[in-house]
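Everything on this sheet refers to the single structure shown next.
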Amino acid sequence: MTTEQSDAAGGRAGSPSRPTAGDTPPDVTPDDRAGTDNSGTDSGMTDSRAEAGKAEIASAGTDRKARTDSKAETGDQAEAGDQAEAGDEAEAGRAGTGDKAKAGDEAESGEKDGEDAGDPWTAFGPAPEPVLTRPRRAVRAVGRFLVHEWTLAAVGSLALAVLMTWPTLRYPRYTLPQDYWDPSLQSWQVAWSGHTLLTDPGQLWSSNTFFPEPWSFAFSDTLLGYAPAGMIGVGPEDALLRYNILFVLAHALATFGAYALARQLGAGRIGGAVAGASYAYAPWLLAQAGHLHILSNGGIPLALAMLARGHGWSLRHGYRPRRRHAGWAFAGWLVAAWQLSLGFGIGLPFAYLLAGVALVSAVVWFVRRRRVKRPFGRRLFLADLLGGLVFAAVGAALAVPYFKVAELHPNAARTLGDIQLYSPPASGFFTAPAESRIWGELHEGARAALPWHPEMTLLPGFVLYALAAGGLFFSVWRVRHRLFLLAGVLVTMALAMGTRFLGGRFTYVPLFEHLPGWNGLRTPGRMMLWATLLLGLLAAGAVTAFCARVRELAAERVPPWPGPWLRLATLVPLLLVVVEGLNVTPHPVVPRQPAVMRTVDGPMLVLPSSQNLDQPVMLWSTDRFQRMVNGGSGFTPESQAQAREFTVSFPDFASVDYLRRRGVKNVVVLRDRLGGTPWEGMLDRPVDGLGVTREEVGDAVVYRL
C-alpha cells in the first residue's frame, strides 16, 4: 500500500460522515460490507413501519372523526363535534408521543455506536418561553384588556357621549338639559329611591310628596334602577350632579348596547358603530332630552345582544350550538330586568317583545324536539328558566304599585282621546325637533303644523333613512332578514302613529284595549325607538358590506393595503350619522333652593303650587325629604287639586281648617314666585283670629298652623 493510499484510507476512516459503498476502506471485508448493508435495510424497514403506523393512526383518527360527524348529524351536533375533536387530539398526541419515543431511541443508539451525540437541528429550535414574574403578568393582562375591542368600544361610547351632550358636564351642579321641570322631578326620583332604601325601605312607594296619598312614588316612571346612584350624596346640588352624570352615561350605554347587538348579529366594527350612534343620537330623541326614562334605553339592545350571544345565534351565521353560553343568557335576562326597573314607558313594549320571543322559541322547540336532541342544552334551558323567572318577578313586583294607583285614582287612566291627542301624523317622521343643530331651524314651519310637536317630531335621521334603504339592496344580511327588518320598521312606525294610521283599529287600539298596562302609555310616538333600532341594523348591514368591498379593492392594490382615501371612505357613514345628531339643547340654571327648605318641618305645603312649579320644590326637598302636599307627575290626584283650590284664599278660616284636617303643619310662601298666580296678594291678608303664626325666613314667609 502506498503512502497516498494509506493517507486516503486514514482520512476516510476518521471522517464523521457515514462511509458509503463506493468509499469502503481497504480494511473492510466483504462480510463487513454485507453487515453494514443489512443494518441499513433494517433501519429502512423500521422507518417504513413507523410511517405505516402513522398512516394507520391517521386513518383510525379519520374513521373515528367520520363516525363522530355522522353522530353529530343525527344527535347533538355540539357534543358530537367536541367528541370528534377530542378523539383527533388524543390520537395525534399518541402518535406524537410515539414519534418522540422512536427519535429518542435512535439518538441513544447513535451515542452507543460512537457517533456524535450532538443534534445540529437544535440550533434552529424555538427559544424557551421566558418565565414572567407576577407584576409582568399583571401588566400584560392590563395591556390586553386596554386594547380589547369591548374596552375600546366602551371608552369610545363614553367619550362620544360627553362630546354629544356637551355642555351637560360643564356646570353639572347648577344646570339641567332642556328645562328644569321634568329633570327636577327625575333628579328627586333618583334621590328618593336611594335615600329610602338606605333609611326605610318599607316606605319606598309612599314618598314624601303628594301628602297624604299612599303609593305616590308610582304616580310616574320611577327610574328605580338608578337607586344605587341615589345613595351617594345629599341635597339638591348632589341630585343635579347625579342626574347629569346619569344623563351622559345613558347616552353612552345606548351607543354601546346597539353596537354590541349589531356586532353579535354579524355586522363589522364600523357597521356596529353606525348602529350605535344612530340609535343613541337620532334627531327625534333630542326632543326627549328632558325625559331620562326615555333616554335610558341602552339596556334594551344590550340585553338582546347578551341573549343572542348566550344562545349562539346571529343574524348572519344563524344558530351555532358550539357558541352557546348559559352565563351570557342569564346575564341578558338580568340586564332586561334592570331596564324594566327604569320605567314602563319603554319597558312595557320591551317586556312584551321578550314574551313573544320566548313563546316563539317554545313553539320551535316543540316542533323540533324529535328531530334535534336537546336543541338548547340543559344548562342553557335552566339559565333561560331562572332568568325569565327573575325578569317576570321584577315586572310583577313593579306592576303592583301601578295597579294600586289605577285602583285608587281612576282619573289617572288614559283614554283613546288622550292617545289621539298625542298621535303624530306621517309628516312627523320627516320633521326634526327644534333642538337639532342641522335641521332645527329648517323644519320650523313643519313643526308649527303639528298639534303637539314635542312628541310628534320623529325624524330618526335622513342619513339613517338612506343607509337603511341601501341596506335593502346591498348588505351582508340575507334577503329574508332584510325583509324581516323592513317589516319591523313599518310595523313599529304604524304603532308610533297611534290612532292616525287607519284610526288605529288594526294597530294601536287592539293593544290599548287588550294588553295589560298598555293603556297607561299615552305617547305612541315613543315606539319610534324600535323603528330607529331596526333602521340602524339595516344600515349596519349595508356599511359592513361596503367595508368588505373596500377591503377587496385594497387587496388588488400593490402593496395590498388600503390608501388613505379608501380608509376615510369607510368612516363617512359614521361621521354623517354623528353630525346629524348634533344638538343645540338649552341648559338652563336651576332655581336655587330657598333656605327655608332646610329648616321647616313637614307635613307642609309650598305655595304657589302647580304641576311645573312643584317639580323644583320636590328637588329642594332632597336635604330632609319632609312630607309635603306638593308634587308633580303625569296626573293630578283629586286631593292635591282640592288643596290648591282651597288655599287660593289662604289665609282664611276655611283654608286653615281644611289644611289642619289634612294634617298640614306649615305653609311656606315663596315671594318671588307669586306673580301671575292665583295666590298673588296673599301676603297682604291678616292672620288675626286664625290661631296662625307668621314668620319671615329669607325670601319666604312661613305660616305655622
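The values are calculated or read from the model by the stated rules, or taken from the named source; none is laboratory data. Remember, predicted model here, so these are calculated numbers, not experimental data. Cβ sites come from the backbone with ideal geometry, for glycine too, and all protein chains shown count toward neighbours. Surface areas here come from the heavy atoms of the whole protein model, side chains and all, with no ligands, DNA or RNA. Shrake-Rupley method; radii C 1.70, N 1.55, O 1.52, S 1.80 Å.
Given the criterion at pLDDT 95 or above, of a type outside the set (A, V, I, L, M, F, W, C), assigned to a loop (DSSP other than H, G, I, E, B) and more than 18 Å from Ala494 (Cα to Cα), identify the matching residue among Pro433, Pro460. Quick ask: steps written out before the conclusion?
Working: Pro460 fails: more than 18 Å from Ala494 (Cα to Cα).
Of Pro433, Pro460, the one residue that is at pLDDT 95 or above, of a type outside the set (A, V, I, L, M, F, W, C), assigned to a loop (DSSP other than H, G, I, E, B) and more than 18 Å from Ala494 (Cα to Cα) is Pro433.
In this structure, does Ala434 turn out to be open to solvent by 30 Å² or more (accessible area, probe 1.4 Å) and more than 23 Å from Trp166 (Cβ to Cβ)?
Details: open to solvent by 30 Å² or more (accessible area, probe 1.4 Å): yes; more than 23 Å from Trp166 (Cβ to Cβ): no.
When the stated conditions are applied, Ala434 does not pass them.
Could you identify the single residue in Ser314, Ser341 that is polar (S, T, N, Q), open to solvent by 10 Å² or more (accessible area, probe 1.4 Å) and either modelled with pLDDT of 90 or more or in contact with a Ser or Thr (Cβ under 7 Å, 6 or more places away or on another chain) (or both)?
The match here is Ser341.
Taking segment 491-527, which residues are open to solvent by 80 Å² or more (accessible area, probe 1.4 Å) and modelled with pLDDT of 95 or more?
Listed by number, the list holds a single entry, Val491.
Would you mention how many residues in segment 437-457 are open to solvent by less than 70 Å² (accessible area, probe 1.4 Å), assigned to a loop (DSSP other than H, G, I, E, B) and not aliphatic (A, V, I, L, M)? Can you show your working first?
To start, the set of residues in segment 437-457 that are open to solvent by less than 70 Å² (accessible area, probe 1.4 Å) comprises 438-440, 443, 445-447, 450, 454-457.
Okay, now just the ones that are also assigned to a loop (DSSP other than H, G, I, E, B), so 438-440, 443, 450, 456-457.
Next, from what is left, pick out any that are not aliphatic (A, V, I, L, M): 439-440, 443, 457.
Within segment 437-457, residues that are open to solvent by less than 70 Å² (accessible area, probe 1.4 Å), assigned to a loop (DSSP other than H, G, I, E, B) and not aliphatic (A, V, I, L, M) number 4.
Are any of the residues in segment 86-96 at pLDDT below 90, under 30 Å from Leu261 (Cα atoms) and not aliphatic (A, V, I, L, M)? If you could, list the steps in order and put the result at the bottom.
Initially, segment 86-96 is screened for residues at pLDDT below 90, giving 86-96.
Those still in the list that are under 30 Å from Leu261 (Cα atoms) too: none.
Looking for residues that are at pLDDT below 90, under 30 Å from Leu261 (Cα atoms) and not aliphatic (A, V, I, L, M), one finds none in segment 86-96, hence no.
Residue by residue, here is whether (1) exposed (fewer than 15 other Cβ atoms within 10 Å of the Cβ); (2) hydrophobic (A, V, I, L, M, F, W, C); (3) within 30 Å of Ala641 (Cα to Cα) holds:
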residue: Ala539; (1), (2), (3): no, yes, no
residue: Glu552; (1), (2), (3): yes, no, no
residue: Pro559; (1), (2), (3): yes, no, no
residue: Val572; (1), (2), (3): yes, yes, no
residue: Val579; (1), (2), (3): yes, yes, no
residue: Asn612; (1), (2), (3): yes, no, yes
residue: Gln615; (1), (2), (3): no, no, yes
residue: Arg624; (1), (2), (3): no, no, yes
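Using the structure shown, decide if Phe650 is more than 25 Å from Phe217 (Cα to Cα), open to solvent by less than 30 Å² (accessible area, probe 1.4 Å) and aromatic (Phe, Trp, Tyr). First the steps, then the outcome.
On the way: more than 25 Å from Phe217 (Cα to Cα): yes; open to solvent by less than 30 Å² (accessible area, probe 1.4 Å): yes; aromatic (Phe, Trp, Tyr): yes.
So Phe650 fits the description; yes.
Looking at segment 369-378, is at least one residue under 20 Å from Arg263 (Cα atoms) and free of Cβ contacts under 8 Å to residues at least 12 places away in the same chain? Working first, answer last.
Kept after step one, since they are under 20 Å from Arg263 (Cα atoms), are these residues of segment 369-378: none.
Within segment 369-378, not a single residue is under 20 Å from Arg263 (Cα atoms) and free of Cβ contacts under 8 Å to residues at least 12 places away in the same chain.
Name every residue in segment 125-169 that is aliphatic (A, V, I, L, M) and part of a loop (DSSP other than H, G, I, E, B), in order of residue number. Working first, answer last.
Pass one, segment 125-169, residues aliphatic (A, V, I, L, M): 127, 131-132, 138-139, 141-142, 146-147, 152-155, 158-164, 169.
Across segment 125-169, the qualifying residues are Ala127, Val131, Leu132, Val147, Leu169.
Has segment 205-227 got any residue that is open to solvent by 10 Å² or more (accessible area, probe 1.4 Å) and touching a strand residue (DSSP E or B) at 6+ places or on another chain (Cβ under 7 Å)?
yes
What are the residues in segment 681-697 that are in a loop (DSSP other than H, G, I, E, B) and either surrounded by 13 or more Cβ atoms within 10 Å (Cβ to Cβ) or of a type in the set (A, V, I, L, M) (or both), if any?
Val687, Leu690, Val692
Looking at Gly395 and the list (1) farther than 13 Å from Phe344 by Cα; (2) open to solvent by less than 70 Å² (accessible area, probe 1.4 Å), which single condition is not satisfied?
So Gly395 meets the others, but not (1).
For segment 584-606, does any single residue satisfy the condition of being open to solvent by less than 30 Å² (accessible area, probe 1.4 Å) and free of Cβ contacts under 8 Å to residues at least 40 places away in the same chain?
no
Where in segment 549-655 are there helices (runs of 4 or more DSSP H), lying fully within it, with 3 or more residues that are out of contact with any strand residue (DSSP E or B) (no Cβ under 8 Å at 6 or more places or on another chain) and closer than 28 Å to Met231 by Cβ? Steps first, please.
Numbers: elements: 564-580, 611-620, 638-646.
The helices (runs of 4 or more DSSP H) meeting that bar are 611-620.
Answer yes if at least one residue in segment 244-263 is among the charged types (D, E, K, R) and at pLDDT 95 or above, and no otherwise. Give the steps one after another, and end with the answer.
Step one: filter segment 244-263 for residues among the charged types (D, E, K, R), giving 263.
The next check asks that each one be at pLDDT 95 or above; those that pass are 263.
Checked against the condition, which is being among the charged types (D, E, K, R) and at pLDDT 95 or above, segment 244-263 yields at least one hit.
Under 7 Å between Cβ atoms, which residue pairs at least 6 apart in sequence (or on different chains) link something in segment 469-487 that is surrounded by fewer than 16 Cβ atoms within 10 Å (Cβ to Cβ) with a partner that is of a type in the set (A, V, I, L, M) and modelled with pLDDT of 95 or more?
Final answer for the pair search is Phe474/Ala542; Phe474/Ala545.
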